[in-house]
Structures are given as C-alpha cells and as structure tokens.
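So the structure is just underneath, and the comments pick up after that.
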Amino acid sequence: MKLTVKYYDLDASEFVVLMHEDDCAAIGVKENDRVSISGMKSTVALVTQSDTLVDKGIILMPAPVLERAGAREGEEVDVIYSNKPDSVRSIRRKMDGERLAREEIESVVVDILDNKLSKIEISAWLTALYINGMDIDEIADFTKAMAHTGDIIKFDRQPVFDFHSFGGVPGNKITPIVVSIVAAAGVMIPKMSSRAISSACGTSDFVETFCDVEIDADSVKRISEETGGLFAWGGGMNIAPVDDLVIKIEHPLGINPRAQMLASIMSKKVAIGANYLLVDIPTGTGTKVPTIEVARSYARDLMDLGERLDMHIECAITYADQPVGSAVGPILEARECISILEGSKHPSSVIEKACDCAGIILDMAGIPGGTAKAKEILESGAAYRKFMEIVVAQGGRPDLKSTDLVPGKFSEDIVASKSGYVHTIHNKDIVAIAKASGAPNDKGAGLMINKKKGQRVEAGEVLFTIYADNEAKLRRARETAIKYPPVDIEGMLIKRVSAVNVRK
C-alpha cells in the first residue's frame, strides 16, 4: 500500500510510525505490529494507530524513521505488513531457560541494533538473561556479536593492554593514574572509559573536566600509539553500540544481568583488540559485588571468557567497604587524582590501589617487581609527565594543575552529632547525596569526606562537605544527608554486661 509521508515532530523512545485506523485495517496490522517501509531505502517500524491524529493515506514519520527509510516529506512510500523477526523466538527460548546457538544470539544483537525489536522485547531478553543466565560459551558468542556491530580498532603497535573496573564504589578515580604509570613504563594501554550509569561519577565524567574524552577511532589509534595511553569515552565512537542501546532499557528495570554485564565489558575489549586485561572487582557491602565469594565467581567467569576470546585476563579483588579516597564528584575527583600525580601522598588508599593495579599490569607485561616499579614511576614524576603528555594530546592545557579545578561555589559542612569512631560509611548513601547535589552532570557537585572508617571523631567535627553549583541542589543534598546519614559513629564500648546484684 502506498502512503504519503508527513514529518512528525516526535521524540519517540521506539522506532515508530503513526497511521490511520482504516489504513492499518487495509494492510492488516494492529497497534504495535510492524510494517516494512520502502522509500529510497527500507526499514521496519512499529505501528501506532489513530483516527484523529492522522488522515487516511498519510503516514506520520519522525526524523529517525525518515532517515532510515530514505524518505522525504510529501513523497510516497510502500508500506506492508512485516512479520516479527526470528530473534523473538530466540528470546522466548531463553525465557524458557534453553541454550541458544551462536546464530540465534547474533540475530538478537543485530535486530536490537537495527531497531527491529521493541523495548518490550528487549526488556524480555534482559529479564530472561537475569533469571536464566547464559553459560560461558553463550557469553563468548554474545560478546563477539556485540563487538562486531561497531568499529574494530586495529593497532599497529602491539601488544595491547587494558584495564577495567566493575565500579560500584564511589570515588574510584584511579584509572588515569594507572594508565599514566603503565604508559610511562613503555606499555601501551588505550583505556576506553564509561560515564556514570547509576553512580555519582564515572571516569569519563571527571576526565572531561580537564581534557576531551569524545575522540574518534582514528584519533584513538594515533594518540594511543604516540603516547602509549588514553583516557577516552567509549560512547564517543561506534564501539559496541548495542551496549548503549541496551543500557537505556536496563537502567529503569533496575537489573544488570550477569551475562549482559560480562558481554558489555568484554565486547569493548574485543573491539580495541586487547591482548591482556586486568579487571578490578571492588568488593564490599553496598557494591555490585557484595562478597569475596561472588567476586571469585566473577573472576573465574572472566578468565574463562578470556580463554575463549584469546585474551589473557587477570583480576584484582579490591576493598570497597567505603569510598576510595576522599573526593566524590567530577571536579573533586579530578582534583584529587591530579594532585596524587603531582606528588601528593594522600589519600593513601587511592595511591595504594592505583599502584597495586598498575603493578599487576606491569607484571603481565613482563616487567619484574610490578607494584614496586609502579610506585617508583609515580614517585619519580614519570607518571605525571606521561599524564600531561596524554592530556595535551587529548586537547587539554599544557599548564594544567590540580588547583585549577574549583568545585561548586555553594557548600555546607555536615558535622558529627556525637563523639566516637567511624564504624561504617554507607556507599549507596554517599552516592545518593552526591547525585542530589547534581553530580555527575554538574561538574562542581559532590562531596569531600573528612573522616574514614576507624578514625576518631568529636561531636561537632566535620564528617564531610557537600558542594553544589546552586543553592537548590545543595539544599536537596543536605536533606538527603539528613534522611539517609551515610556515616555511623560508635563508641568503643558495645555493651555493658554485669551481674544482677550490684555491689552497694
């Protein structure tokens, strides 16, 4: 059936067109069925029908559908019924707990990329993975399928090392330090980082406060081979693009299926041709990985997956019962990170974790005494010089200093209501307060933690300081801190136990 195209200014979350009920009946489609649209090119879209918003003989198409169909307003296009893609059957099979063949997994991934699956169907896929999971061979096939939907970067300089953190612990700003140490040792590590999904700050969120992170594939190759390192945002180029589409659906569901998470991580490593990978698995209460047993299980899966992908993988299970360092939020984390590279000896937790992780990578590269060598490179200033070389290559200032980075102009100290010792710091509450202050979108927002676990605190002493770019968000963050106090203070005395008869 031929219908006349009319542009419809609709920012739809689905790949959708609007048609008159009579035209739908003539074609034989109902609400949420699919139609194939043929203009200069061909595409498939979901149908929404109406008898008031659109006239007979007209098909309303938003810009993404117009572009995909190669159509222009006023032109006629052929519109016919389109069957559900075969991948829907594969999704149903996974919902039933069955094992999928490589071709079935590839069809699901390709159909997500081509907008052939609705959000409901993608949600069903994610839910099936969450409930029934995948075996390691399925995850390997899933990883390869995701990687090959986007660009594959082939470096002339070999081998390629990489580093990834599971995240889930606030203040984990070690990536630029690790990359700078490793690159200063002559090992190439083109690190593609992410933005925050559910946290208060991802690596790219704070790195972009001092240099460009949206870098194309050619520049990634050039900068990495010239400097040995990189701090780029993976979403700034066409690397494993299906992952970004899935995350947008995954986030409101509040689930992160193990198979999807592993394939998401590894697809980006396959795309940049990594030969060696270190994975940081922060482990502790309030993180993605709550116990050592769960962390070891992830480590086994990752190493098994690496064997199937011809990649040597090692894992570092790291302490995550409290934030790493003192700063949480983009500018605050950037300032703390750079100050350590400049030579600051604090916070020691950031230095220790960065050197331990960099040391493992150096060991993997055949450089003996990895952790000791990493500390030597950091303390000598070689890591700072390499850091600045990478920053300048990514468009940053050659005279950058940590003191140039100034947090939000609105701030408030949160003080202890009693004396004692810091018993617990709740990571989730720290993140909630930082997000309430505006992080990560507001670069100056976040908090500085003054007291960590085990430290003595007196009544009225500052526990942490909240920063915000405006008063409204500062007020909201303060209210969040009052509602969900992130710091538990206890005395050394837990309980007094005495006999019934007290001496007179």
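The values are calculated or read from the model by the stated rules, or taken from the named source; none is laboratory data. Fair warning: this is a prediction, and the values are worked out from it, not measured in the lab. With ideal geometry, Cβ positions are generated from the backbone for all residues, glycine too; neighbour counts draw on all protein chains shown.
List every residue pair whose Cβ atoms sit under 7 Å apart, with the two residues 6 or more apart in sequence or on different chains, where the first one lies in the range 199-221 and is farther than 15 Å from Ala393 by Cβ and the second, anywhere, is crowded, with 23+ Cβ neighbours inside 10 Å and of a type in the set (Ser, Thr, Tyr).
Going by the 7 Å Cβ cut-off, the qualifying pairs are Gly202/Ser193; Thr203/Thr175; Thr203/Ser193; Ser204/Ser193.
Quick check on the range 137-148. Is at least one of its residues surrounded by fewer than 23 Cβ atoms within 10 Å (Cβ to Cβ) and either assigned to a loop (DSSP other than H, G, I, E, B) or polar (S, T, N, Q) (or both)?
Yes.
Answer yes if at least one residue in the range 9-23 is surrounded by fewer than 20 Cβ atoms within 10 Å (Cβ to Cβ), aliphatic (A, V, I, L, M) and at pLDDT below 90, and no otherwise.
So far as the range 9-23 goes, yes, one or more of its residues are surrounded by fewer than 20 Cβ atoms within 10 Å (Cβ to Cβ), aliphatic (A, V, I, L, M) and at pLDDT below 90.
Take residues that are touching a residue at least 12 places away in the same chain (Cβ under 8 Å) and farther than 27 Å from Gln260 by Cβ and tell me which of the helices (runs of 4 or more DSSP H) falling wholly in the range 46-115 contain 2 or more. Give the steps one after another, and end with the answer.
Details: elements: 63-69, 87-95, 102-113.
The helices (runs of 4 or more DSSP H) meeting that bar are 63-69.
Could you list, in sequence order, all residues of the range 171-194 that are within 13 Å of the chain's Cα centre (by Cα) and not in a strand (DSSP E or B)?
Asn172, Ser194
Ile37 fails exactly one of the following numbered conditions: (1) within 21 Å of Asn83 (Cα to Cα); (2) surrounded by fewer than 16 Cβ atoms within 10 Å (Cβ to Cβ); (3) not polar (S, T, N, Q). What is the number of that condition?
All conditions are met except number (2).
So Glu31 clears everything in (1) in a helix (DSSP H, G or I); (2) free of Cβ contacts under 8 Å to residues at least 24 places away in the same chain except one condition, right? Which one?
Single failed check for Glu31: (1).
Residues in the range 400-414 that are among the charged types (D, E, K, R) and over 20 Å from Ile433 (Cβ atoms): how many? Can you show your working first?
Restricting attention to the range 400-414, the residues satisfying the condition of being among the charged types (D, E, K, R) are 401, 404, 409, 412-413.
Cutting the leftovers down to over 20 Å from Ile433 (Cβ atoms) gives us 401, 404.
Final tally of qualifying residues: 2.
Only one of Met95, Met40 is of a type outside the set (Val, Ile, Thr) and assigned by TED's automatic domain parsing to the domain that holds Lys116; which?
Met95
Could you run through the range 116-136 and say how many residues are of a type outside the set (S, T, N, Q), part of a helix (DSSP H, G or I) and within 19 Å of Ile249 (Cα to Cα)? Quick ask: steps written out before the conclusion?
The initial filter retains those residues of the range 116-136 that are of a type outside the set (S, T, N, Q), namely 116-117, 119-122, 124-126, 128-131, 133-136.
Keeping just the survivors that are part of a helix (DSSP H, G or I) gives 119-122, 124-126, 128-131, 136.
Now restrict to residues that are within 19 Å of Ile249 (Cα to Cα): 119-122, 124-126, 128-131.
Matching residues across the range 116-136 total 11.
Among the residues of the range 477-504 satisfying the criterion of being in contact with a strand residue (DSSP E or B) (Cβ under 8 Å, 6 or more places away or on another chain) and not hydrophobic (A, V, I, L, M, F, W, C), which is modelled with the lowest pLDDT? Break it down stepwise before answering.
The initial filter retains those residues of the range 477-504 that are in contact with a strand residue (DSSP E or B) (Cβ under 8 Å, 6 or more places away or on another chain), namely 477-478, 481, 486-492.
Going one step further and asking which of them are not hydrophobic (A, V, I, L, M, F, W, C), we end up with 478, 486, 488, 490-491.
Working: Arg478: 97, Pro486: 96, Asp488: 94, Glu490: 91, Gly491: 82.
Ranking the qualifying residues of the range 477-504, first place goes to Gly491.
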